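Have a look at the structure below, then the notes.
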Amino acid sequence: EGRVEGRVEGRVEGRVEGRVEGRVEGQIKGMQNLIEILLNARFGEKGLSLMPKIRMCEDESRLSAIAEVLAKVQDIREIEGLL
């Protein structure tokens, strides 16, 4: 019985962890996509040239800060400084 319960518990934990990881991954990708849209709208091709660095960043709070600053800045160099 202990083995069966352990396996069931392990499966449930694995599913929950997988869902959480998937959600976080989705949020990160969503923020990266938002930043890409903002960079393109604000700075065109020059802004899009920053996307390789943005795609490498997987820190949710950092991406959020970049998106927030990007909505307000006038000079792309301010974004480059955050990368």
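The values are calculated or read from the model by the stated rules, or taken from the named source; none is laboratory data. These numbers come from a predicted model, not from an experiment. Neighbour counts run over all protein chains shown; Cβ positions are idealised from the backbone, glycine included. Calculation scope for accessible area: heavy atoms of the full protein, side chains included, ligands and nucleic acids excluded. Shrake-Rupley method; radii C 1.70, N 1.55, O 1.52, S 1.80 Å.
Some values worked out for this structure:
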| quantity | calculated |
| --- | --- |
| Environment charge at G26 (Cβ cut-off 14 Å; Lys +1, Arg +1, Asp -1, Glu -1) | -1 |
| 13 Å beta-carbon shell around K72, net charge (K/R +1, D/E -1) | -2 |
| Under 10 Å, Cβ to Cβ, from L39 - net charge with Lys/Arg +1 and Asp/Glu -1 | 0 |
| Whole-number Å³ per residue for the convex hull built on Cα positions in the range 1-81 | 84 |
| Normalised contact order of the chain, rounded percent, pairs of Cα under 8 Å and 6 or more residues apart | 29 |
| Computed helical MRE - 222 nm, the chain, DSSP H runs ≥ 4 contributing -39500 (n - 2.57), nearest 500 | -27500 deg cm²/dmol |
| Portion, in percent, of the accessible area of the range 1-81 that falls on carbon or sulfur, probe 1.4 Å | 51 |
